[in-house]
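Worksheet: one structure, shown below.
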Amino acid sequence: VCTRVSNEVMVRVEPPLNFDVSSNVTICAGATTTLTMSNYPEEAVTFWIEGDINADDFMNAFKDALVGETTNLLEALMNMMFSTLDDIVPDDEYTEDLAVEDESEYPISDEEDDLTNEEPINEDELPLIDESVLEGIFTSLGIIGMEPTIDVTPTTTTTYTAVVMGVCTATRQVTVTVDGAVTPTVSAPTTICMGDNTQLVATGGTTYRWTPATGLNNPNISNPIASPSVTTVYSVEITRGTCSYVTETTVTVVPLPVITNIEETNVREVTAYVENGLPPYSYSINNRDFITHNVLHDVSIGGHILYVVDMNNCKTSRPFEVTPIPIFPAKFFTPNDDGVNDYWTIENLNVYPSYIVQIFDRFGKLIYELRSGQFHADGEVNYHPFQWDGNYLGHPLPSTDYWYLITLEEVRKQYTGHFTLKR
């Protein structure tokens with residue numbers, strides 16, 4: 001039977017294969033992102049490859065990989081075929097010449113063979129392709145998945161190729177850029193006194209966001225000034241690129257000591273009373289020479305500021321004034337050696353370290369002068385009670401009135417008046 005062979009060939013041209021993939025993405029080191037391909041023919045096969053490869057190179061590599069594994073495939077097929085021939089060919093060698101003299105004696109039937117009685121194929125008897133064969137092909141091609149959607153966690157910037165294989169093969173690339181992880185630093189926890197402030201410092205990013213914003217001069221910079229009124233835990237989100245890191249620090253606010261009273265308890269002596277804060281306290285007049293007891297001596301006349309510091313190094317202050325101590329020049333004296341009013345005196349003058357006492361007769365002649373402290377040529381201070389015996393150059397002066405001029409440096413004041421000498 002002869003069959004006519006046509007000299008015509010029909011070639012069907014498939015349109016280019018198109019599909020969509022995820023957009024390029026930037027992630028932080030250690031993060032996972034999802035890559036997706038879509039809008040491809042249902043009958044197509046999909047692959048994801050780690051690397052950048054075009055469709056032609058992929059197909060060539062795919063064919064080379066198959067050829068490389070042909071031996072494994074043929075071996076499986078041959079094992080199946082030889083096991084079948086063993087049931088047909090006898091063990092002994094057998095040959096016989098067969099001559100066909102008349103082809104008509106061996107007509108070719110036009111009827112279809114009845115295959116209904118053939119035994120069904122046992123799938124267990126089919127040759128199996130070792131999974132390692134497929135794994136080898138996948139590994140050689142860099143295939144990391146056959147699902148249209150995969151999750152990847154690259155450690156460095158990586159390009160992935162989506163492959164759709166049908167009658168035609170097409171590829172698309174997706175680049176996953178990996179930002180280095182943020183390595184942050186933040187201020188150590190600190191303690192401040194009520195009303196004080198501290199500077200918070202964070203590093204490692206390009207943008208910063210501190211929360212809560214309460215008490216911060218600017219929550220969106222790396223080094224804001226914090227002035228909280230209560231103990232506050234500040235969190236900071238440190239961001240660089242797509243990477244961010246959240247850490248925190250604590251600003252503890254402790255109360256100030258409070259000076260409740262400053263009392264003049266003696267001449268040039270004050271006693272301070274303090275509460276709150278963390279005792280024991282240290283005390284100072286005008287922020288000099290701190291002492292650990294609350295009674296302060298030798299306080300000069302006039303205005304001062306008392307400073308108190310507690311164990312948290314929190315400082316408070318309060319102004320106070322030591323009132324001038326009045327002096328009382330005697331109205332008269334009787335230098336007759338009877339032990340009563342034998343000297344002219346000035347009560348409380350010895351409280352003042354620096355002074356000048358001048359005594360004049362009724363004609364304005366200076367008959368006595370005493371200088372103390374800074375008015376003395378050597379700076380000598382007279383701490384003894386003042387007294388004048390009524391003599392001039394060792395000679396008794398007559399009974400009459402005399403005038404005085406008293407200069408007190410500490411209070412920047414002069415006192416004038418007169419007194420009577422009686423003999």
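Please treat every number below as a calculation from the coordinates, not as lab data. Quantities reported herein were computed from a predicted structural model and do not represent experimental measurements. Glycine also receives a Cβ, built like all others from the backbone with ideal geometry; neighbour counts cover every protein chain displayed.
The residues neighbouring PRO148, those whose beta-carbon lies less than 14 Å from its own, together hold a net charge of -4 under the Lys/Arg +1, Asp/Glu -1 convention. Cross-link partners of LYS413 among lysines, defined as those whose alpha carbon lies under 24 angstrom from its own and excluding same-chain residues fewer than eight positions apart: LYS331, LYS365.
Please compute the Kirkwood hydrodynamic radius of segment 328-421 from all pairs of different C-alpha atoms, in Å with one decimal. For segment 328-421, inverting the mean 1/r across all distinct Cα pairs yields 13.7 Å.
With all pairs of different C-alpha atoms in the average, the Kirkwood value for the hydrodynamic radius of segment 185-254 is 11.9 Å.
For segment 24-35, putting each phi into the Karplus relation 6.51 cos²θ - 1.76 cosθ + 1.60 with θ = phi - 60° gives couplings of 4, 9, 10, 10, 8, 3, x, 8, 10, 10, 9, 10 Hz, in residue order, rounded to whole numbers and with x for Gly and Pro. As a calculated quantity, the FRET efficiency between THR214 and LEU278 at R0 = 35 Å, using C-beta atoms, amounts to about 0.90. Restricting the calculation to Cα atoms, segment 154-310 shows an Rg/Rh of 1.41 when the hydrodynamic-style radius is the Kirkwood one. In sequence order, segment 356-362 has phi-based couplings of 10, 10, 10, 10, 10, 7, 6 Hz under the Karplus curve 6.51 cos²θ - 1.76 cosθ + 1.60, θ = phi - 60°, and Gly or Pro positions carry x. Put the Cα centre of segment 271-335 next to the Cα centre of segment 348-423 and the gap is 30 Å. Multiplying each eigenvalue of the alpha-carbon gyration tensor of segment 279-371 by 5 and taking the square root yields semi-axes of 44, 14, 10 Å, largest first, rounded to whole angstroms.
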